[in-house]
Amino acid sequence: MSRPGFNKGDRIAFVDEVGGGVVLDMLTNNRVRIRTDEGFVLERAARELVLHDKGFLQQEYRVSDHQAGMVAANDALNEKRGKRRGDLRPGKTPKRPEDNSVAEVDLHLHELVEDEGRLSDGEKLGYQLAYFERALEAAIRDGKRKLIVIHGVGEGVLREEVRRILQYYDGVRFHDANIVRYGTGATEVEILRHRS
C-alpha cells in the first residue's frame, strides 16, 4: 500500500506517537520537515506520518446532547432574565452587570467530553490543550481583555503546558488568577491591545 504524498500546509499526525503538526516542506529521500503542535521543527520519514483524519476531529469535537441541552437552558434563562430587567422593585439595587470583556474557559476534562475513559492520558492532555487554544483564539478575535483559564491543581502538568503555549503568543501576559475567587487552579491571561 503506498502512502499519500504530502503537500506544504497539510495537517499530519504521527503513526507511532501522540500529536501531530503541519508540513513545512518535502525533503529528499521521502523525508518531510514538519512543525509540531508544540512548535518544534522536525524531519521525519514520510512513512512515520499520516494525513490528519478530519472525520475523526469532527467526531472528537462534536457537541454532546448534554452540552446542547445546557446551552439551550442557558439561553432560556438569559431570555427570562432579560424580560425581568424592567421589573425591578423600588429600593432594590440592580445586580452589577457581568464584565463582558473577560472570558472564562474550564479545562476540567469532565466539562469537555462525555466519556473521558476511552481516551489515553496523552489524548486527554492534547484535547484540553486544543480546547484551550481555540478559547484563546476566540477571546483574542472577540476583543476580550482577559481570559481566565481554569486548569485545576492536580500534578500541574496542564498548568505548565498552558503556560508554555502562552509563551508563543505575542501580545499576552499571564499570571496566577485571583486566588480568592479561583484558588490556585487558574491562570489569568491579559490580552494586550495592539496599537496601530
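The values are calculated or read from the model by the stated rules, or taken from the named source; none is laboratory data. Just so we're clear, the structure is a prediction, and the values are computed from it rather than from any experiment. Using ideal geometry, Cβ is built from the backbone for each residue, glycine included, and neighbour counts are taken over all protein chains shown.
Figure legend. Inter-residue proximity from the stretch 25-50: first residues closer than 26 Å to Arg164 by Cα, second residues part of a helix (DSSP H, G or I), beta-carbon distance below 6 Å, spacing 6+ or different chains. Indicated pairs: Val32/Ala46.
If you go through the stretch 2-46 and pick out every residue that is exposed (fewer than 11 other Cβ atoms within 10 Å of the Cβ), more than 27 Å from the chain's Cα centre (by Cα) and on the phi < 0 side of the Ramachandran plot, you end up with 3. One residue alone among Gly156, Gly152 is touching a helix residue (DSSP H, G or I) at 6+ places or on another chain (Cβ under 8 Å), closer than 15 Å to Ala186 by Cα and at pLDDT below 90, and that residue is Gly152.
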